[in-house]
Every structure is written in C-alpha cells, then in structure tokens.
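The values are calculated or read from the model by the stated rules, or taken from the named source; none is laboratory data. Remember, it's a predicted structure, so these values are computed and weren't measured experimentally. A quick note on method: Cβ atoms are made from the backbone with ideal geometry, for glycine too, and the neighbour counts reach across all protein chains shown.
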Amino acid sequence: MKRIPYILSVLLLTAAVSCEKQTDGTGATGTGNPEIIFPSGNSYMAGEDVIIICDGISPDASFWLEDASGKLIPVDNVTVTASGFFFTVTATGEYTIVVEQDGKRIETGKISVNMTATDIIISDVPEYCIPGESFTISGTGLSGYATVYISDGQDGSKAELDFEHSGNNYITVHVPEDGPRGKFTLSIEQGGKETVISDRFFITAHKQLMGIQYDIATDMALYQHSYNLTMSRDEDGNVTGFEEYSMNSSEKSDETGAYTEYGFEPVSDESGYSCFKLAERNGQVLSASFETYQGGIEGCYTFGWEYDTEGYLSYAISNGSSGTIELSVTDGNISLEDMWIDCSYGDPALVNNPFGADIAVSIIATESEILRVALTMGFTGRTSVNLPTVIDGKGISYKFDEDGYVIEAEYTDPISGFNSKITYKYE
C-alpha cells in the first residue's frame, strides 16, 4: 500500500528546496515556481516510486523522461497531489524529468534508474508472428523498456525487434515485413541481463494444410500406388470435409467433459472400410473405431489413443485388428517404438512445420489410413520439433516453400527400388 500523499506532506516540512530551470518551449530559460525537491535522492531502482515535491503542477500536465539523446519517453502513470507528484519508474538509464504545462517546458531534475534484481518470469509468449505484424510478451519483472531480440543460432548474431508500445508487465514489438523468416530463439535484454524466453519462435505465414498425397512406385514403374486426402475448411480453419470421405460430426460428453465425434465413410469402397469414427477433445483423438468388410469378412474394432505427459502421441490405431502404432519421444522428436524400423533425426536445422501438419508423423504413419485423417485434421497432439532424416534405413530429402513449409518428402529403398514421395498442399 502506498502512503505517498502523507509522505509528501511530511517531506515538505523537512527537505531543502532546490529550484531547476524551466523553459517556455522557445529556448528561453528562467527560475521560479514550481519549487522542486527530490526527497529520496536522484538514484532509483526500476519499479520504485519517484517522489517530487513541488507546487503549481496541474493534473492536466504531460510528463516525460528525456534521455541523453533527446528522446522523450512518455510517463503515463503519474499521480498529482496538492504537494507534488509521483510515478513508478520502469525505464533504466539516465533521464531528465520533463513536465509540459501551459505551453511551457519544466525540467524538474535528473534521475538515474538501475535495474532491479528481480528475475523476469514470462507468462505468455506467442508461438509465431506473421511478417509485418506485431506480437506481445507479458510476464512479471518485465520492464516496458526491455529490448527484444531474435537469433537463428547460426553465428551468434541477433537482430533487435522494433519497440511498439508497453504497459504494466508487457511489451509489444513489431516484426518487419521484409525481415528474415523461419525458426528463431527469442530473448529479452533488460538491465544488462539477457534472458532466452523461447527457443522455438517462428516468423512465418500461418498456413493450413489442404491436401496430402502419398505416391509409391518402383524405378521401373512396375508398381504404382497413390493415396490422397483433399480437404475443405471454414473461415476459422476447421476441416469441414474431405473429397475422399463423407464426414459428419456430433457433440457429446462423458465424465471428463465435452468432446466431438467425427464419422467418416469412404466415397469409394476400395479401401475396404465401411466407416470409421474419431472422438476428439482439445486437439487429441481420444479413441477411434472402424468397421471393415474385405473378402466377405466383417470386423469391428475400437482403440483408445494415448499421449505422454507432455502431450505427444504415444499409442494410436493403425489398420486391421492387429494394427497399432507405438511412438516414443526424445528431445521433442517423435520416433517409432519398433526395433525393426529405425527413425532418426540427424540434422537440427531441419525444422518441422510450425503449423499445418506434423510432417514427422505423416512420414511415420504412411500405412495408417485413420492416423492420416487425424493428422490432417490436427488431432495428433504435440508436434515433433525436427524432421526425421532416416526412416527404415532410407535417407529422406525435403523440399520447402518460401515460408519454410515442407511441400515434399521423398525417400527410396536402395535394394527394392521402391520410391515413396509425400506431397503437401496448403491454402
């Protein structure tokens, strides 16, 4: 609780009076009212109250901090009393306190502001920003005049983002439209201390996946097979249907809460599936069920899906009564839990799509029709950080668009000659 007015009244009786110069805005200077006192001295820590005792200051006056270069920083948290005014200072550095009133500029004195020892505790950092737009970082201990940097981690260099505006425990910065794009480390420098607040911040366009195509063929074209998923979305980005399936949805609930059940029926019966369903909550498939009819044999299967404590998919349905997929995560990268099929990540510069689809899972799940549908709808949980470089002993090559999104992944079996290519289409 602040008892500033009481303190001001007492200090009026005890502090010595010093009078600073004032100008009328034209360069003329003089002395006179207001009489000014800094009862607490001229050195402060960021977050402390600066108390100034004087008379004749109007609540309608404007208040500024002026640095050595002449840059004026507005002070908008000023309280004016009958015996002076006070405000909480957040900007660190050397400043002159300037009051503009009735067309006059009044310099009330100089202060030195140092950073407090309080560590920054960030509460909200966005995952991405579109070039040409702005984003806000918030958290306790955050000065409105901190400096925000991005770095790609390649050569140790970093770029400062333009300050836009700030408030109590938040700062907003602007990303240039013609600046670099990709994945960056985001950091804040404040009071001479730099703190990394995100090692996975993207500057890129936000693209939604609209189609995915799997092509398998031999080098002599003796065998060819394609599988496509082409979807439509509403204005909010939600999938509303597929060309390959008729789709319906209904809202349901259980003891945990509400969820959505999606039903799918293939337009053609070539897959052998008569229908399948996905129960989804908060971007995760809870369970999947499907019916098959192949060779005169009917089957109905239901599988629960599982996720680890960090939200990565660990167990999912595949095809057929025996089909399950078990996954594991190491350093944020998803691999198959299968001793016969290796999946490795050998290049930290190969970054997964920030949005759209989890490219890593799409490569792992090439044989699972239901998992492919869940993947394209964004229902497979937390995404892998990087892209795999090897799957089942085969090296993977990638093609990217101008915004860093994967548009093609391809690998070939050197023994059989089978070539697998996955093509991704975006809005």
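Just one of the listed residues (Ala68, Ala82, Ala91, Ala61) is under 35 Å from the mean Cα position of the chain (by Cα) and aliphatic (A, V, I, L, M), and it is Ala91. Summed over the stretch 375-411, the residues that are free of Cβ contacts under 8 Å to residues at least 60 places away in the same chain, in a loop (DSSP other than H, G, I, E, B) and among the aromatic types (Phe, Trp, Tyr) give a count of 0. Among the residues of the stretch 146-157, those that are surrounded by fewer than 18 Cβ atoms within 10 Å (Cβ to Cβ) and at pLDDT below 90 comprise Thr147, Asp152, Gly153, Gln154, Asp155, Gly156, Ser157. Just to be sure before I move on: is Thr218 of a type in the set (Val, Ile, Thr) and closer than 27 Å to Gly153 by Cβ in the structure I sent? So Thr218 does not fit the description; no. When Ile51, Ile73 are checked against the criterion of being farther than 18 Å from His165 by Cα and in a strand (DSSP E or B), a single residue qualifies: Ile51. All conditions in (1) at pLDDT 85 or above; (2) on the phi < 0 side of the Ramachandran plot; (3) surrounded by 14 or more Cβ atoms within 10 Å (Cβ to Cβ) hold for Ser397, with the sole exception of (3). For Gly103, state whether it is surrounded by fewer than 15 Cβ atoms within 10 Å (Cβ to Cβ) and either in contact (Cβ under 8 Å) with a residue 40 or more places away in the chain or among the small types (Gly, Ala, Ser) (or both). When the stated conditions are applied, Gly103 passes them.
Of Asp155, Asp76, Asp162, all but one fail to be over 19 Å from Thr195 (Cβ atoms) and in the same structural domain as Ile52 (by TED's automatic domain parsing); the exception is Asp76. Listed conditions (1) under 21 Å from Thr204 (Cα atoms); (2) without any contact (Cβ under 8 Å) to a residue 12 or more places away in the chain; (3) in a loop (DSSP other than H, G, I, E, B) are all met by Ile415, apart from (1).
Results for (1) surrounded by 13 or more Cβ atoms within 10 Å (Cβ to Cβ); (2) in contact with a Ser or Thr (Cβ under 7 Å, 6 or more places away or on another chain); (3) modelled with pLDDT of 50 or more; (4) closer than 14 Å to Lys110 by Cβ, shown as yes or no for each residue.
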{"residue": "Thr14", "(1), (2), (3), (4)": "no, no, no, no"}
{"residue": "Thr23", "(1), (2), (3), (4)": "yes, yes, no, no"}
{"residue": "Thr26", "(1), (2), (3), (4)": "no, no, no, no"}
{"residue": "Thr31", "(1), (2), (3), (4)": "no, no, no, no"}
{"residue": "Ala46", "(1), (2), (3), (4)": "yes, yes, yes, no"}
{"residue": "Glu66", "(1), (2), (3), (4)": "yes, yes, yes, yes"}
{"residue": "Thr88", "(1), (2), (3), (4)": "yes, no, yes, no"}
{"residue": "Tyr95", "(1), (2), (3), (4)": "yes, no, yes, yes"}
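The set of residues from the stretch 326-346 being exposed (fewer than 13 other Cβ atoms within 10 Å of the Cβ), in a loop (DSSP other than H, G, I, E, B) and at pLDDT 80 or above comprises Asp331, Gly346.
Is it fair to say Ser157 is polar (S, T, N, Q) and within 30 Å of the chain's Cα centre (by Cα)? In short, yes.
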